[in-house]
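Following this message is one structure expressed as structure tokens.
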Amino acid sequence: AVSLALKFGQTQSMMWPVEGNVILDYSMDSTIYFPTLEQYKCNPALVIQSDVSQPVSAPADSRVIASGTNEEIGNYLVLDLGDGYTVTCGQMKEIQAVEGEYLEKGQVLGYVAEPTKYYTVEGPNLYLQLNRDQSALDPLDYLE
């Protein structure tokens with residue numbers, strides 16, 4: 001794998017990893033309603049409507065720093081964009097990227113999975129969380 005010099009900042013933008021409408025907005029200052037959970041809570045990410053098996057693309061040049069599975073967001077990857085920025089992409093299947101791998105913007109990471117039990121009403125989606133130095137940011141402020 002080619003080593004990329006990762007630089008990311010407030011003036012840079014990410015591409016949309018999937019095409020679709022935002023069905024749950026980022027909201028850390030107030031709560032929003034989660035239909036499946038039938039409750040209001042803060043949301044550190046965007047939940048983007050998609051179709052099962054739709055390809056998920058790397059939103060920026062990045063390096064895979066973690067992969068795993070959890071009950072809420074299913075299979076996920078954490079990508080290091082550089083300069084303290086990380087992106088978590090969840091609700092995926094058939095993940096193509098491995099830890100330590102450098103990815104170019106637009107490279108396929110995997111595919112959208114069936115939603116976890118936390119998102120059955122919302123339907124198939126991509127979970128997209130952007131952090132800088134462990135603090136959640138609104139991905140919409142950085143998407144092209």
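The values are calculated or read from the model by the stated rules, or taken from the named source; none is laboratory data. Note that this is a predicted model, so its numbers are computed, not measured. Positions of Cβ are generated from backbone atoms using ideal geometry, with glycine treated the same way; all protein chains shown enter the neighbour counts. Accessible surface is based on the protein model in full, side chains and every heavy atom, while ligands, DNA and RNA are left aside. Shrake-Rupley method; radii C 1.70, N 1.55, O 1.52, S 1.80 Å.
What accessible area per residue comes out for the chain, rounded to a whole number of Å², with a 1.4 Å probe?
I get 49 Å² per residue for the chain.
For the range 54-127, with the dipole built from +1 on Lys and Arg beta-carbon atoms and -1 on Asp and Glu ones, taken about the Cα centre, which of 67, 113, 89 lies farthest toward the positive end?
Highest projection toward the positive end goes to 113.
For residue 29 and residue 117, calculate 0.36 nm times their separation in residues minus their Cα-Cα distance, and state this gained length in nm to one decimal.
29.2 nm
Follow-up. Could you run the Debye sum over the Cα atoms of the range 5-142, one equal point scatterer each and no solvent, and tell me log10 of I(q)/I(0) at q = 0.10 Å⁻¹, two decimals?
The calculated log intensity ratios at q = 0.10 Å⁻¹ are -0.29.
Now for a separate question. Calculate, for residue 52 and residue 140, the FRET efficiency according to 1/(1 + (r/R0)^6) with r their C-beta to C-beta distance and R0 25 Å; round to the nearest 0.05.
Values: r = 24 Å, r/R0 = 0.96.
Calculated value: 0.55.
Which lysines does residue 7 reach when only Cα atoms under 18 Å apart count, and residues fewer than 8 places away in its own chain are ignored?
Partners found: 105.
Express the carbon and sulfur contribution to the solvent-accessible surface of the chain as a percent, rounded to the nearest whole number, probe 1.4 angstrom.
That fraction is 44 percent.
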